[in-house]
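Working notes, beginning with the structure itself.
The values are calculated or read from the model by the stated rules, or taken from the named source; none is laboratory data. Just so it is clear, the model here is predicted, and its values are computed rather than measured. Heads up, the Cβs are rebuilt from the backbone with ideal geometry, glycines too, and the neighbour counts pull from every protein chain shown. Side chains included, ligands, DNA and RNA excluded: accessible areas come from the protein's heavy atoms. Shrake-Rupley method; radii C 1.70, N 1.55, O 1.52, S 1.80 Å.
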Amino acid sequence: MSVTIQFCGAARTVTGSCYLFRTKSGSFLVDCGMFQGQKTLKALNYGAFPFRASEIHTVLLTHAHIDHSGLVPKLVRDGFHGTIMATRGTIDLCSYMLPDSGSIHESEVVSLNRRNMARRLSAVTPIYTKADAIASLDAFRPVQYETWVEVVPGVRARYWNAGHLLGSASIEIEFPNEAAENQPLRILVSGDIGPDEKLLQPDPEAPVGFDYLITESTYGSLDRPPTTAEARRQRLAVEVRDAAQAKGALLIPAFAVERTQELIVDLVDLMERGEVPTAPIFLDSPLAIHATEVFRQHASSLDANVDIGRLLSSPHLRFTETVDESKSIARLTGFHIIVAASGMCDAGRIRHHLKRWLWNKSCTVLFTGFQARGTLGRFLVEGAEAVRIQGDEIKVAARIRRIDEYSGHADGPELSRWIAARRPIRRGVFLVHGEESALTGLFERIAERIIPTTHIFRPILDDIFELSTSAPTPIDVTRRRRLAPEAVVDLDWHNDMSKLILDINDQIEAAADDRARGVVIRNLRRALEEMR
Ligand SMILES: [Zn+2]
């Protein structure tokens, strides 16, 4: 049986996980994620899928994160009529996350169209609406971990706990082999792999012996010092005490799901033990509030050593669900803690709080997760002196801090060990879901030591490979690519543009007087004219 894979996302620095498998008995996707980060990538969310939605029979979802599930509503709206198979945890989280994502698209388009009208550009429609997202939930069907399910006739799949997020899975897939009936073609898609020592989640697990492994590489170049739950809490305690001493807000941009709940559990625990000053902890994200409820319901399947139910009901916690409640915390002064989404600061209420506080040196911004290239979060952790939020330039005076201990991703050594534990891997390992440096980092760790170099592949967006052959055979897709290969790897021009505008503003402000400012502007104008 011929089996092809198309890398419709998460290939060579492109975000948004999505792999299309085609066989003669049907086509199916593993994940249908949203592209995040640079504007060139985000634009792909508005464009057509590189396949017809109606030709897809089934979607296998690895987990609920938006970069894995976020385009499901668009797929359903565009004519998908099949089933979406996911664990119960993933379904419960998606039932809040996808409608929330639809609301974000609707409101983003309102403000974009206001700007477009001023520039006489035509109006755009949202990628999908909240109603589209709610409608797509009917297609979900629950699967149990470690239990075979039929994907399309003759092809079966089994979910394994990936230890990354509530409900997260690596997915094992078996395709029939007509030539040798008892030797099916075996493939494992990693999904996102959790670290060994993750709060609330067990260590990742999966079987051994595959033809192909498709594995994430998010932190492939990182070698994190080993940590324990207690060491992580102590790192957080240091940051909280420092922030309290600075006497301003402690802003924690956090992914609404899991990271938020982990942080809250640790913050409340530290306050109850008297290890940090007590202060109100505002959970300022309707999605995070709902997700916290899902965690309470699934508490029995999570870490048995943490009384999650009790900690998540603490009186230190304040839930601010409505916009008015959210606005009221902007009036607060002195030390308090605000946890708000999004984790990369590219959307959500955290942007309002950053606008209110970034220029103030009594404020602390604490990053706890991965920041994709091109996001506001990435600019801040890389030390930007000023940033643009909703069109306004904001100087950065706040203390920008970062701790990696809360990561939901395995680091380089953990990923390598996870790959090694899946051997024998007979035909190939595809490295996906990582920036260039991360892919290279993971490649160098596993090449020859774990997998022969000739068996390691780093596909780019929209690459197609025939998998039924003795080694993966690339199929020519030159004319069907959505992005030129060099556009995928190069730094996005939008980022350079934002930086240039900030530098020009700085230069003009720093000039001694209006006359000096006039000189700067004339020089820039001349440089522009010379380029014509
Ligand atoms: Zn994830």
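Residues whose amide H lies under 5 Å from that of Phe35, counting only those 5 or more places away or on a different chain, are Asn45; hydrogens are built 1.01 Å from N in the peptide plane.
Here is the list for the stretch 379-471: trypsin sites (Lys or Arg not before Pro) lying in DSSP coil, each with at most 11 other C-beta atoms within 10 angstrom of its C-beta, are Arg449. Spread over its residues, the convex hull of the C-alpha atoms of the stretch 125-210 is 153 Å³ per residue. Distances over 13 Å make up what percent of all Cα-Cα pairs in the stretch 338-410? More than 13 Å apart: 63 percent of the Cα pairs in the stretch 338-410. Candidate cross-link partners of Lys42 among the aspartates and glutamates, defined by an alpha-carbon separation under 12 Å and a same-chain spacing of 8 or more, comprise Asp67, Asp346, Asp492.
The stretch between Glu108 and Gln390 holds 100.4 nm of extra length on full extension. This uses 0.36 nm per residue minus the Cα-Cα distance. In plain terms, the C-alpha convex hull of the stretch 232-302 casts an average shadow of 5.0 nm² when viewed from every direction.
Between Met117 and Ala397, the modelled labels are 3.7 nm apart [label points 7 Å from Cα along Cα→Cβ]. Calculated over the stretch 315-453, the projected area of the Cα convex hull averaged across directions stands at 11.4 nm². Within the stretch 78-158, the trypsin sites (Lys or Arg not before Pro) that combine a DSSP coil assignment with at most 12 other C-beta atoms in a 10 angstrom radius are Arg119, Arg120. Remark on the chain: Cys32, Cys94, Cys345, Cys363 stand apart, with no other cysteine beta carbon under 4.7 Å. What's the carbon and sulfur percent of the chain's accessible surface, probe 1.4 angstrom, rounded to a whole number? Of all accessible area on the chain, carbon and sulfur atoms account for 53 percent.
Computed about its Cα centre, the charge dipole of the stretch 298-406 is approximately 420 debye, with only Lys, Arg, Asp and Glu carrying charge at their Cβ. Close amide H partners of Leu222, meaning residues 5 or more places away or on another chain with modelled amide H under 5 Å apart, are Gly412. Taking label positions 7 Å along the Cα-Cβ direction at both Ala299 and Glu150, the computed distance is 4.1 nm, reported to one decimal.
The amide H of Arg402, built 1.01 Å from its N in the peptide plane, has Phe367 as neighbours under 5 Å, considering only residues 5 or more places off or on other chains. Taking Cα centre as origin and charging only the Cβ of basic (Lys, Arg, +1) and acidic (Asp, Glu, -1) residues, the dipole magnitude of the chain rounds to 1400 debye. The stretch between Ser328 and Ala179 holds 46.8 nm of extra length on full extension. This uses 0.36 nm per residue minus the Cα-Cα distance. As an equivalent ellipsoid, the chain spans semi-axes of 38, 30, 22 angstrom, where each value is the square root of five times an eigenvalue of the C-alpha gyration tensor, largest first. Entry note, the chain: the mean residue ellipticity at 222 nm calculated from DSSP H runs of n ≥ 4, each adding -39500 (n - 2.57), is -10500 deg cm²/dmol after division by the residues and rounding to the nearest 500.
Cβ-Cβ distance of Ile475 and Ile501, R₀ of 56 Å, FRET efficiency by 1/(1 + (r/R0)^6): the value works out to about 0.85.
I'd like the trypsin sites (Lys or Arg not before Pro) in the stretch 256-332 restricted to DSSP loop residues with at most 11 other Cβ atoms within 10 Å, sorted by number. Each step should come with its number before you reach the end.
Working: sites: Arg259, Arg273, Arg296, Arg310, Arg318, Lys327, Arg331; in loops: Arg273, Arg331.
Filter output for the stretch 256-332: Arg273, Arg331.
Ranking Ala341, Val151, Thr260 by how far each Cα lies toward the positive end of the dipole of the chain (charges on Cβ) leaves Ala341 at the top. Can you list the lysines whose alpha carbon is less than 26 Å from that of Lys39, not counting same-chain residues fewer than 8 positions off? The reachable lysines, counting only those whose Cα sits under 26 Å from Lys39, are Lys74, Lys130, Lys355, Lys395, Lys499. Taking one quarter of the surface of the convex hull spanned by the alpha-carbon atoms of the stretch 10-116 gives a direction-averaged projected area of 7.2 nm². Once the GluC sites (Glu not before Pro) in DSSP loops with at most 15 neighbouring Cβ atoms within 10 Å are cut out of the chain, the longest remaining piece is 1-145.
Spin-label pair Glu448-Ala231: with each label point 7 Å from Cα along the Cα-Cβ axis, the two points sit 3.1 nm from one another. The per residue volume of the convex hull around the alpha-carbon atoms of the stretch 237-363 is 100 Å³.
Sorted largest first by accessible area at a 1.4 angstrom probe radius, with every protein chain in place, the residues Thr147, Thr40, Thr125 fall in the order Thr125, Thr147, Thr40. For the chain, the solvent-accessible area works out to 43 Å² per residue, with a probe of 1.4 Å and every protein chain left in place.
Computed over every Cα-Cα pair of the stretch 384-532 and binned at 10 Å starting from 0, the pair-distance distribution P(r) comes out as 8, 22, 24, 18, 16, 9, 2, 0 percent. The calculated P(r) of the stretch 437-480, using every Cα pair and 10 Å bins from 0, goes 23, 43, 31, 3 in percent. Using equal-weight Cα scatterers in the Debye expression, the normalised intensity of the stretch 181-314 in log10 at q = 0.14 Å⁻¹ is -0.78.
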